[in-house]
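Visitor: Here it is: the structure, laid out below.
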Amino acid sequence: MQYFQGKSVYKGIVMGPVAVLKKNDYQVKRARIEDPEAEVKRVKEAVEVSKKQLGRLYDKAVREVGEASAAIFEVHQMMLEDEDYLESMENMIRTELVNAEYAAAATGDNFAEMFAAMDDEYMKARSADVKDISERLVRNLSGEGDNDLSSMEPSVIVADDLSPSETVQMDKAKNTCVCDCTWIYQFSYCDSCANDEYSGINRRPDGFKRSENRHDGRCRRVFQVRLSLSRRRMCGRKPEKRMQEEAEKQKLLEELKGKENITPDGRKINIYANIGSVGDLGYVMENDAGGIGLFRSEFLYLGRNDYPTEEEQFQAYKQAVQTMAGKKVIIRTLDIGADKQVEYFNLGKEENPALGYRAIRICLKQPEIFKAQLRALFRAAVYGNLSVMYPMITSTEEVEKIYAIVAEVEEELKAQEVQYKIPEQGIMIETPAAVMISDRLAEMVDFFSIGTNDLTQYTLAIDRQNEQLDDFYNPHHEAVLRMIRMVVENAHKCGKWAGICGELGADLTLTEQFVRMGVDELSVAPSMILKLRKIVREMKAEE
Ligand code: PEP
Ligand code: MG
């Protein structure tokens with residue numbers, strides 16, 4: 001039996017053939033050729049074919065995930081025009097009399113190694129792009145054509161790494177699960193460990209640990225792909241049965257679409273979705289979210305080599321508010337730093353990045369970056385129900401400084417006669433300092449959204465990135481729950497609303513408690529929306 005372990009990006013149980021996507025297993029043969037010019041011509045033709053394929057991938061990615069994320073394919077096209085890269089292949093063919101496939105593979109390896117050895121983190125990361133491109137060239141030269149994953153059978157995908165070109169090609173509706181692989185323990189959960197809700201850390205009876213990653217709803221999971229019969233018996237109910245039960249539960253949940261999130265006492269709770277890019281909007285609609293409670297705008301800044309322009313940002317925000325057609329869209333301003341490093345920001349090495357130069361601190365120290373984002377947001381606000389929220393707030397002075405910058409931006413937009421609207425402005429409560437002064441902060445802002453991921457990290461002094469500390473990371477800690485209560489009470493005293501957008505908001509074991517505390521909004525991964533709606537509608541009425 002083969003074992004794989006990986007990080008799952010799918011929450012649930014699936015069965016299906018395992019598709020292991022292997023990288024770098026090309027055995028390109030070196031052959032001596034007689035006619036170097038004919039080989040050079042083949043390289044040139046393969047380059048043109050590759051550029052066309054990348055153009056098609058770019059168009060598909062623009063449709064599915066938006067322009068900013070699609071830009072990587074333009075970078076690949078540009079790399080295929082790089083003179084050093086092209087000359088290196090041609091020289092190798094002419095001087096060593098080698099076949100085009102070999103020249104492409106060897107040049108790709110050399111360039112990839114060269115990038116990998118660079119100090120600059122951004123350039124280092126380009127090593128994978130060069131490999132992706134040279135593999136494409138080799139495939140085209142050897143007549144294999146595009147690595148067409150779009151027609152792949154529904155499968156559990158196991159891959160060390162998925163290149164952007166592979167991810168875009170996959171039919172997301174068909175491929176059930178992607179495991180960023182170290183190992184997968186074959187198939188799905190055994191029954192005894194499969195608490196399928198978000199509830200901290202479980203241990204399997206056989207000692208394998210399943211722990212939540214707590215970020216973007218991802219969790220490391222253990223899959224059993226081909227359980228032997230004895231093993232299935234040992235694990236209790238058959239995985240097939242669990243899948244069937246899950247499908248039945250999901251069918252019941254579907255019936256809640258279009259219904260209100262209303263408690264038996266008649267209190268309405270807003271259940272919104274967390275998203276990381278405009279590409280997620282489809283899931284938001286599909287799961288009948290009442291709005292978007294956390295739009296992590298970082299996606300516009302990641303995976304590129306320069307700041308996104310105001311126009312690019314404006315287009316993405318406008319697309320989000322227009323798609324949501326009047327429903328609330330809360331866009332969080334830039335939260336770069338700590339776990340989200342972007343090379344061109346030149347943040348420098350820090351001893352304690354989570355306690356360092358990140359989020360609103362960058363925006364206040366480099367207002368030109370912040371202003372471009374605010375301009376894009378205020379312009380997009382004209383097109384729908386947009387709200388802005390600021391991350392990592394620790395003081396009232398920071399809010400004052402933000403408002404001073406907002407005023408400058410407004411002046412500029414007015415002077416330039418650009419259409420804009422100053423939207424509702426809230427802050428994330430994700431530091432103990434913000435909790436303790438939430439009475440004063442509530443007077444200054446329109447709403448609070450509690451970021452329990454960071455709030456737990458800073459309250460319990462536990463680095464959320466450090467897997468060794470998983471057993472200590474306890475978002476159910478009484479200190480965290482008391483803080484949430486305090487924040488909600490202080491918001492309400494000022495007539496403001498308070499929600500939760502960290503992972504704890506999706507913890508179904510706490511939903512009733514949050515509603516009784518007075519939490520007004522829960523913003524969660526789209527797949528959790530109907531589950532929360534069910535609890536809210538079915539909870540006991542207060543005595
Ligand atoms: C949080 O900290 O809870 C949060 C929602 O923000 P992020 O996870 O993006 O830091
Ligand atoms: Mg946070």
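Visitor: Scan (1) more than 16 Å from ligand 2 (Cβ to nearest atom); (2) more than 16 Å from residue 501 (Cα to Cα) for the single condition residue 425 breaks and write down its number.
Guide: Residue 425 satisfies every listed condition except (2).
Visitor: Here's something else I'd like to know. Hey, any hits in region 400-413 for a residue that's within 13 Å of ligand 2 (Cβ to nearest atom) and not in a loop (DSSP other than H, G, I, E, B)? Before the answer, list the steps.
Guide: Quick first cut of region 400-413, residues within 13 Å of ligand 2 (Cβ to nearest atom) only: none.
No, every residue in region 400-413 fails to be within 13 Å of ligand 2 (Cβ to nearest atom) and not in a loop (DSSP other than H, G, I, E, B).
Visitor: Out of everything in region 489-509 that is in a loop (DSSP other than H, G, I, E, B) and either open to solvent by 10 Å² or more (accessible area, probe 1.4 Å) or out of contact with any Leu (no Cβ under 9 Å at 6 or more places or on another chain) (or both), what residue ends up being farthest from ligand 2 (Cβ to nearest atom)?
Guide: So, considering only residues that are in a loop (DSSP other than H, G, I, E, B) and either open to solvent by 10 Å² or more (accessible area, probe 1.4 Å) or out of contact with any Leu (no Cβ under 9 Å at 6 or more places or on another chain) (or both), the one farthest from ligand 2 (Cβ to nearest atom) is 495.
Visitor: Still on this structure, I have one more. Please enumerate the residues belonging to region 405-431 that are within 16 Å of ligand 1 (Cβ to nearest atom), farther than 19 Å from residue 369 by Cβ and either open to solvent by 60 Å² or more (accessible area, probe 1.4 Å) or not polar (S, T, N, Q) (or both).
Guide: Listed by number, the residues that qualify are 426, 429, 430.
Visitor: Residue 458 versus (1) among the aromatic types (Phe, Trp, Tyr); (2) within 16 Å of ligand 1 (Cβ to nearest atom); (3) surrounded by fewer than 17 Cβ atoms within 10 Å (Cβ to Cβ): which is the lone unmet condition?
Guide: Result: residue 458 fails condition (3) only.
Visitor: Right, residue 361: away from ligand 1 (no atom under 16 Å from the Cβ) and under 22 Å from residue 336 (Cβ atoms) or not? First the steps, then the outcome.
Guide: Working: away from ligand 1 (no atom under 16 Å from the Cβ): no; under 22 Å from residue 336 (Cβ atoms): yes.
The answer is no for residue 361.
Visitor: Sticking with this one: Kindly check whether there is at least one residue in region 373-388 that is surrounded by fewer than 23 Cβ atoms within 10 Å (Cβ to Cβ), within 16 Å of ligand 2 (Cβ to nearest atom) and closer than 23 Å to residue 274 by Cβ.
Guide: No; the residues of region 373-388 include none that is surrounded by fewer than 23 Cβ atoms within 10 Å (Cβ to Cβ), within 16 Å of ligand 2 (Cβ to nearest atom) and closer than 23 Å to residue 274 by Cβ.
Visitor: Select from region 123-162 the residues that are open to solvent by 10 Å² or more (accessible area, probe 1.4 Å), polar (S, T, N, Q) and modelled with pLDDT under 75 and list them in ascending order.
Guide: Passing the criteria: 147, 150, 151.
Visitor: Could I ask something else about it? Return yes or no: is residue 470 in contact (Cβ under 8 Å) with a residue 40 or more places away in the chain, open to solvent by 10 Å² or more (accessible area, probe 1.4 Å), out of contact with any strand residue (DSSP E or B) (no Cβ under 6 Å at 6 or more places or on another chain) and closer than 21 Å to residue 353 by Cα?
Guide: no
The values are calculated or read from the model by the stated rules, or taken from the named source; none is laboratory data. What you see is a predicted model, and the numbers here were worked out from it, not measured in a lab. No Cβ is skipped: glycine too gets one built from the backbone with ideal geometry, and neighbour counts run over all protein chains shown. Ligands, DNA and RNA are excluded from the accessible area calculation, which covers all protein heavy atoms including side chains. Shrake-Rupley method; radii C 1.70, N 1.55, O 1.52, S 1.80 Å.
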